[in-house]
Each structure stands twice: as C-alpha cells, then as structure tokens.
1. Output the residue which, of all residues in the range 14-63 that are within 18 Å of Asp116 (Cα to Cα) and surrounded by 18 or more Cβ atoms within 10 Å (Cβ to Cβ), is nearest to ligand 2 (Cβ to nearest atom).
2. Has the range 92-106 got any residue that is in a strand (DSSP E or B) and buried (at least 19 other Cβ atoms within 10 Å of the Cβ)?
3. Given the criteria away from ligand 2 (no atom under 16 Å from the Cβ), of a type outside the set (D, E, K, R) and in the same structural domain as His135 (by TED's automatic domain parsing), does Ile244 qualify?
4. Can you confirm whether Asp260 is modelled with pLDDT of 95 or more, within 16 Å of ligand 1 (Cβ to nearest atom) and touching a Gly at 6+ places or on another chain (Cβ under 9 Å)?
5. Can you tell me which condition Gln151 does not meet? The list is (1) closer than 18 Å to Ile282 by Cβ; (2) in a loop (DSSP other than H, G, I, E, B), and all the others hold.
6. Anything in the range 107-136 that is in a helix (DSSP H, G or I), in contact with a Leu (Cβ under 8 Å, 6 or more places away or on another chain) and within 15 Å of ligand 2 (Cβ to nearest atom)? List them, or say none.
7. Out of Leu218, Leu238, Leu271, which single residue is of a type outside the set (Asp, Glu) and touching a Phe, Trp or Tyr at 6+ places or on another chain (Cβ under 8 Å)?
8. Checking Ala239 against (1) surrounded by fewer than 20 Cβ atoms within 10 Å (Cβ to Cβ); (2) within 15 Å of ligand 2 (Cβ to nearest atom), which test does it fail?
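The values are calculated or read from the model by the stated rules, or taken from the named source; none is laboratory data. Bear in mind that the values here come from a model prediction, so they are computed numbers and not experimental data. When we count neighbours, we look across all protein chains shown, and the Cβ atoms used for this are built from the backbone with ideal geometry, even at glycine.
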Amino acid sequence: MEIQSTQVGIQDVIQRLHRDLPSILADQFGTKILALHPPRFVKRPYSTNAIVQVETREGTHGYFVKQIIHHPLNVVAFADQPDQASIEYRILEELHPRFVDIERCAVPRPIILYRDADAYVTQFVDARDLVGDMHLVHYGANRRRFGELLQNFEASGRWLRHFQGALDIHRSGEEVASYVLKRCLDRVARVEELGASWVDPQFADRARDYIESLFRRLDMSLIAVVPRHGDFGPWNTLANDNGITVIDFFGAGDGPCCEDLLSVLVWLDALKHGIANSGRRIDRLAQAFLTSFGPVRPQQTEFVLLCEAFQRLLRIVGALHSYAADKDRRATWPERIERRGNLAANVGWFQARPQRSTIWPSAGNIPAGNPAADNIPR
Ligand SMILES: Nc1ncnc2c1ncn2[C@@H]1O[C@H](COP(=O)(O)OP(=O)(O)OP(=O)(O)O)[C@@H](O)[C@H]1O
Ligand SMILES: [Mg+2]
C-alpha cells in the first residue's frame, strides 16, 4: 500500500535515463551506445527497481534504478527526512571512493539522481544476494562454499568498521538514544496491532515498561554515535567473486555504535532455531564477522539492551507480518521455520528474567553510573 504516490512514474525515470546515458557513458568510459536492451522492472514493497542494459563497442554496461515508495511502515523515516532518495544517493557519493581500496568491500557506484522522482541510478552489480547463501549453514552443506560464506562475513565486518569511520556525525548521544526509544515504541505498537493470537497479550505492556526503564537509566554522555546503515545484514549485501557490495541506505544516518553489529548478531541468533541449521557454523560466521570488525567499544549495559530490544522487535514485527501475509500467499516451509525461530528467539528474549545480552561481544559492559565508565572511549 502506498500512502503517497510519487509525481513521476518509473517509465518517465527510464526515459530520462535513456536521454542522459549517452553523456554518462561518454564521461565515464569515453564510449558510445550501440544498442539499448528493454528495461526489466521489479516492484518491491519499498521501492520499484529497473535494470537497464546498454551495448557499447567495449561490452555491456548495466544500470540499476531505484525509485523509493512511501510505505506506511516507513512513516517515521519519511517524517524525519522526507527526501530519502537524495539522502541515499549522497551517502553513496561519499562512500564509493572510500571503499575503492578496501579489500573485498564495496558500495555501488552512484550514477545520477532524479530528485523530484524520488529515484536514483547506480551501476548494476552482477552479484547474488548474500542472504541466499545462508543454506550453507545447514548440517552437511558444501564445506568449500561455506568457506566462501565465512569470507563474505569477514568482509562484512571489515566493511562495517570502515563505514563507521567514513561519514560525519551530526547527532548527539541523547538524540540518538531518543530516536532508538521512539522506534522501539513504534515497533511495540505494531506488535500490538499484528500480534493477537501469536504473542502473549501482556507482551506489549511488558516490553514497553522494560524499554522505558532501560532508557531512564541511560547516561547520555556515554553514548557513542557513529554512521549507521540502519538495515545492515546479508539481506542488503550482494556477493560475487570480487567480495561484497553493501546496498540499501534507506534510513541511514547517525546512530548507536552497536546497532548495525546487533542487526547481524540478532539475526544469526534466531537462525539457530532452524532445525536444519548448524549452531557451530552460525557461531563461526558471527566470529568471522566480529573478528574482522575489530575491537568493540565497551557500552553501558542498558544501552546495549535497548539497542538489542530494538533489533529483536524488528524481527518480531517481521515474523508477524509474514503471518499476516499468509492470507495472500502461504509461506513456504523454510519461511515458516524461520519465522517460528524468530518468534521463539526474540519473544523469548523479552520474557527471560532478567534480560541480558547473550550475543553482545564485550562481556565487560559498563553499568550506568559506574565510575569505570569515565574511561570509556567515545
Ligand atoms: N546496484 C545494484 N545492482 C544489482 N542489484 C541490485 C543493486 N541494488 C539493489 N539490487 C537488487 O535489488 C534488491 C532491492 O534493493 P534494495 O534493498 O536497495 O531495495 P529495497 O526497496 O530496500 O528492497 P528490500 O525492501 O527488499 O530491502 C536487492 O536485494 C538486490 O537484489
Ligand atoms: Mg533492501
């Protein structure tokens, strides 16, 4: 469902791109177009995509068009920053040159922004979605290919470390913590709307109390703010023989230093509930990711828990959405196992007493008000 249709249709965006491609190719490669292939379109819940390919004397060049859809679930992001296509595009412009020399790590090269159409174009990356390789955590799955998956998780850790140092910071710790709180409460409200028969009726009230109590105990001066992707993980990572390319900077900006790390760790944790999945292989992926990320800054326990609560709520809402979508398309059995795992791991986390992070790497989290907190690097 769209709440606001964009003024310019995707066909018009393609026409503009066709108009602009001759000069783009001349500037970038000093070459001319010999033929244009018909574009391929993909309509997704949050964007409409098109792949445009052109033939030149030197070979085929591909372009990926992304036109943002104003989806009800992203109301918070749009209210905050309405011009999302420009934001994503500017981030790619900043990041692309910085990743050119980073081993096996990239972002797509930005080509052109059509601001009034909420659309932008990047180079087409000939690669697969990394999430599609996750069957390699199954018991007995091909070892050599699992080794490649490990390498890609290692590259993801390295990518994230570089990303966290690659953009300027504009928001304070307090603003960032308030934003996490707001997004947590928003997701709890979604669980309430969608939850009904799948989640304990007390869940929303308890989760709200817990989240608010964590927030009240925060020492805002200790919160480390870094650039955050906001939806970081194998589902927004492309992989090919050259390594990984991270995509989809919708909603990226300043955030808590633990958010993107926890996004991957919480997701891996839920996978352990899949009956075919090897917990040992999943642990090895988490280890490869964390090792290449490098040292994790000590954080207030309450803050790690607040960020972890948010990631777990995202997963719960995702699983509940998938149940709701069964009316239209019955989930496949792997999808059903995955969402059951998600609910078991993530609702279970909120129900455990006391809640504590079992996945955050630094065992020595620092309680708020602890004098040792004075020495925390920001
Ligand atoms: N530059 C690119 N080259 C090739 N494929 C791409 C590129 N960018 C994105 N894709 C493909 O398009 C898909 C959707 O892209 P993206 O994640 O940016 O959009 P989205 O609307 O946020 O989708 P989703 O909600 O599924 O995350 C990706 O999973 C990937 O398969
Ligand atoms: Mg995406």
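1. Only one residue fits best here, namely Ser47.
2. Looking through the range 92-106, at least one residue is in a strand (DSSP E or B) and buried (at least 19 other Cβ atoms within 10 Å of the Cβ).
3. no
4. yes
5. Against the list (1) closer than 18 Å to Ile282 by Cβ; (2) in a loop (DSSP other than H, G, I, E, B), Gln151 comes up short only on (2).
6. Leu130
7. After ruling out the rest, the residue left standing is Leu218.
8. (1)
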